[in-house]
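Structure first, then comments.
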Amino acid sequence: MQHIRPTTGLLDDRDEDWRDTLFYWHGRVTWVGGERNVVSWRGSWLSTVASHAPPANDFSSSFNFFELNFDVDPMRARQFASGDMDLRALLQLSGEFRGHYLMEPPDGAGYRRAYRDDAHEFEFDDRIEDPPPEIGASDPLPPRAPQQIPGAPLLNVFVVPPPPRTPRQPGPYVLCAARGRNEFGTFVALGHARRFRSGAEDAVELTLARRYVRDDDSRLRWPLRDILRGVQTPIRVSPWEHSLPCRLQGDVIAEQQRIEAERQRERANHVPQPFAAQPLAHHTDEYRRMMDRKRTRD
């Protein structure tokens, strides 16, 4: 997959705090068909600074609708077309999302209108996770540590903050990573697909948490496979709660090193300027005026 080309977004001139916001996209994956073997992901999105997804009822009442489509190969197409919503059909699936989403303009002027991403690529993991369905607030969390991405510099590791101990929805799931760009900036996303059963309803739900990042973020250059490998989430908690920071520790350290190197070069290349001699006191205009007044009195 191609690397996402950085772009200056409409929100890049704002304070950096706006990147603390996570945009949660949640919806059902359904078969459409056609010559291109189209699969659709439809739902709604919400934004929050919290690292845990909003309740399902909030998504149901949201008017921020989206519809994104992607194509699958003939073998997966036959499985989707048969109505078999087995998560194995998503394993190692990669491609491009295309479609639109509704949003109010950033300046708050006007009604919701349709927006489109200029690029939006995704990739699903190669294995299915099936952890216990719940985690209690008093349960100890499994040990975890930042994982080094193979082939990446040593400094490029995830910052893993203490997680909120929130239960993950029950059932097996497949991790998914995505990234893209639009008129607002560049973004990376992490989430999972899980099988949803309720009565006679059997579907696959996909949830992705999108975070807008700086144009120099290393994740924009990594293969999506490496982003998935870098997820160090306790198996019972959603991946975005730990592995989707605003900035990577390696990027922060690299920027500090770059700034310090520039300062050292400036000091090394600094050429001392000769001392600018000040005019003697009796050569100044003020001194001449004083002497003129003295001569007038005399």
Quick check: pseudo-label points 7 Å beyond the Cα along Cα→Cβ at Lys294 and Asp215, how many nm apart are they? 6.4
Which whole-Hz ³J(HN,Hα) couplings does the range 174-182 yield from phi under the Karplus relation 6.51 cos²θ - 1.76 cosθ + 1.60, θ = phi - 60°, glycine and proline marked x? 10, 5, 9, 10, 8, 6, x, 8, 7
For the range 212-217, in residue order, the Karplus 3J(HN,Hα) values (coefficients 6.51, -1.76, 1.60; θ = phi - 60°; whole Hz; Gly and Pro = x) are 7, 10, 5, 5, 9, 5
Relative to the present Cα-Cα distance, how much length would full extension add between Gln249 and Thr21 at 0.36 nm per residue of separation? 80.2 nm
Residues with amide H under 5 Å of Val38's amide H, sequence separation 5 or more or different chain, H placed in the peptide plane at 1.01 Å from N; which? Val32, Gly33
Once Asp20, Asp125 are ranked on solvent-accessible area with the largest value leading and a 1.4 Å probe, the list reads Asp20, Asp125
Listed by chain and number, the residues whose amide H is under 5 Å from that of Phe184, excluding neighbours fewer than 5 places away on the same chain and using placed H, are Leu10
Under the 7 Å Cα-to-Cβ spin-label approximation, Tyr287 and Glu201 lie apart by a distance in nanometres of 9.3
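The values are calculated or read from the model by the stated rules, or taken from the named source; none is laboratory data. In this text the structure is predicted, and so the values were computed from the model without any measurement. We place every Cβ from the backbone using ideal geometry, glycine too, and count neighbours over all the protein chains shown. Accessible surface areas use protein heavy atoms only, side chains included; no ligands, DNA or RNA. Shrake-Rupley method; radii C 1.70, N 1.55, O 1.52, S 1.80 Å.
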